[in-house]
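S.K.: One structure coming up, written as structure tokens, with questions to follow.
Quick note: the coordinates plus some simple rules give every number you see, no bench work behind them. Keep in mind that this is a model prediction, so the values were computed, not measured. Using ideal geometry, Cβ is built from the backbone for each residue, glycine included, and neighbour counts are taken over all protein chains shown.
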Amino acid sequence: MTSRTMVAGNWKMNTTPTQGKALAEDIIAAAGTPPTKVVFGVPAIQLMSIKEITAQHEGYFVAAQNMHHKDNGAYTGELSAAMLADAGVDYVILGHSERREYFGENDSLVNIKINKALNAGLLPIYCCGEKLDIREAGNHEMIVGKQIEQALFSLDPAQMEKVVIAYEPVWAIGTGVTASPEQAQEMHSFIRQMVANQFGDTIANSTTILYGGSVKPDNAEELFGMEDVDGGLVGGASLSVENFVPIIKAR
Ligand code: PEP
């Protein structure tokens, strides 16, 4: 690949429904029809109200930040894939490092979630990435390779075509430290090659691989300019018009 195909914001546990509605409306008003897909990853309580807004604007979509792996049952507080799909949700972020760190998620669980999401008609945004000690020991490709293998290799090609991958080095998330464009490119190219080995070149070349980890207006252009970086998954900077709109527009 490639060209830039998506900028996704991950609002995490930020914004009340009132604030979120204003944020989405203000971003859309300021950015207009975006050059590529824009996804708002919003708190669960806002999924339907933000979908009502994005449905009226070409190029804008809504994502859940998580989903349970069971179809239904006694799982107090959880949401199923069918519930999200029926609510009109387009994407679901799965395997985010905060889910792994604080909620004990691993790639075999995430693999089940990806299957459930796809079966319900949701498009998964699968997050992978290494911790700092792994990078410092030079084992980042091995670890990310294992994550990709465990989470994605059991899919069939028709399923894989629908998956967005987000490479998010854990040491760069919310820290203000960004991977250099070269570090991002190196890993994205490695991931694309893994996808090619398992699913073939056509699918690998059309897979969207986002970079995430302290993307800001002043580094987005450089990162998105790398050959295998197809856009970004953006946390902190997705929470203001001032920061997110220039990232949407970065070429
Ligand atoms: C994220 O949470 O996915 C993320 C990339 O956060 P930040 O942009 O704040 O580093």
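S.K.: Pop a pseudo-label 7 angstrom from the Cα along the beta-carbon direction at both PHE190 and TYR102 and give the gap in nm to one decimal.
M.R.: Placing both labels 7 Å beyond Cα along the Cβ direction yields 2.8 nm.
S.K.: Over the chain, what is the relative contact order in percent, taking alpha-carbon pairs closer than 8 angstrom and at least six residues apart?
M.R.: It rounds to 23 percent for the chain.
S.K.: Suppose every K and R has +1 on its Cβ and every D and E has -1 on its Cβ; what is the size of the dipole of the chain about the Cα centre, in Debye to the nearest 20? Working shown, then result.
M.R.: Values: 18 positive and 30 negative charges, 95 e Å.
Once rounded to the nearest 20, the dipole reads 460 debye.
S.K.: Given axes a ≥ b ≥ c from the Cα gyration tensor, I'd like to know whether the range 8-102 is rounded (a/c under 1.5), prolate (a/b larger than b/c) or oblate.
M.R.: Prolate.
S.K.: Here's something else I'd like to know. Working out 0.36 nm times the residue gap between VAL241 and GLU58, then minus their Cα-Cα distance, what length gain in nm do you get to one decimal?
M.R.: Separation in residues times 0.36 nm, less the Cα-Cα distance, equals 64.1 nm.
S.K.: Separate question: Under a GNM of the chain (C-alpha, springs under 10 Å), which listed residue has the highest mean-square fluctuation: ILE28, ILE134, ILE173?
M.R.: ILE134
S.K.: Suppose every Lys and Arg Cβ carries +1 and every Asp and Glu Cβ carries -1, with no other charges. What dipole size does the range 41-174 come out with about its Cα centre, to the nearest 20 debye? Kindly include the intermediate steps, with their values, before the conclusion.
M.R.: Details: 10 positive and 18 negative charges, 38 e Å.
Charge dipole of the range 41-174: 180 debye, to the nearest 20.
S.K.: Got a sec? Which residues in the range 1-36 would a label at SER49 touch, if it sits 7 Å along Cα→Cβ and we count backbone N under 16 Å?
M.R.: Taking a point 7 Å out along Cα→Cβ of SER49, the residues of the range 1-36 whose backbone N falls under 16 Å are 11-27.
S.K.: Let me ask another. Work out, step by step, the length gained on full extension between GLU136 and LYS70: first 0.36 nm times the residue separation, then minus their alpha carbon distance; give nm to one decimal.
M.R.: So the chain would gain 20.1 nm between GLU136 and LYS70.
S.K.: Which value in Å is the Kirkwood Rh of the range 195-251 over different Cα pairs?
M.R.: When all Cα pairs of the range 195-251 are included, the Kirkwood radius is 12.1 Å.
S.K.: Would you mind getting me the FRET efficiency between GLU227 and ASN115? Use the beta-carbon distance for r and R0 = 30 Å, nearest 0.05. Present the calculation step by step, with values, prior to reporting the outcome.
M.R.: Numbers: r = 30 Å, r/R0 = 1.01.
The pair GLU227/ASN115 has a calculated efficiency of 0.50.
S.K.: What are the ³J(HN,Hα) values, in whole Hz, obtained from phi via the Karplus relation 6.51 cos²θ - 1.76 cosθ + 1.60 with θ = phi - 60°, for each residue of the range 57-65 in sequence order, with x given for Gly and Pro?
M.R.: Karplus values, whole Hz, x for Gly and Pro: 10, 4, x, 10, 9, 10, 10, 7, 8.
S.K.: Which of rounded, prolate, oblate describes the range 67-155, given a ≥ b ≥ c as roots of the alpha-carbon gyration tensor eigenvalues and a/c under 1.5 marking rounded, otherwise prolate only if a/b is larger than b/c?
M.R.: Prolate.
S.K.: Right, next: After finding the eigenvalues of the alpha carbon gyration tensor for the range 6-250, what semi-axes result from the square roots of 5 times each, listed largest first in whole Å?
M.R.: Numbers: eigenvalues 123, 100, 56 Å².
After diagonalising the Cα gyration tensor, the semi-axes are 25, 22, 17 Å.
S.K.: Search the structure for amide H atoms under 5 Å from the amide H of GLY129, placed 1.01 Å from N in the peptide plane, and list their residues when 5 or more places away or on another chain.
M.R.: Amide H to amide H, under 5 Å and 5 or more residues apart or across chains, GLY129 pairs with GLU168.
S.K.: For the chain, with the dipole built from +1 on Lys and Arg beta-carbon atoms and -1 on Asp and Glu ones, taken about the Cα centre, which of SER189, VAL144, VAL245 lies farthest toward the positive end?
M.R.: VAL245
S.K.: Per-residue HN-Hα couplings for the range 114-131, Karplus 6.51 cos²θ - 1.76 cosθ + 1.60 at θ = phi - 60°, whole Hz, x for Gly and Pro?
M.R.: Rounded to whole hertz, the list is 4, 4, 4, 4, 4, 4, 8, x, 8, 9, x, 10, 8, 9, 9, x, 9, 7.
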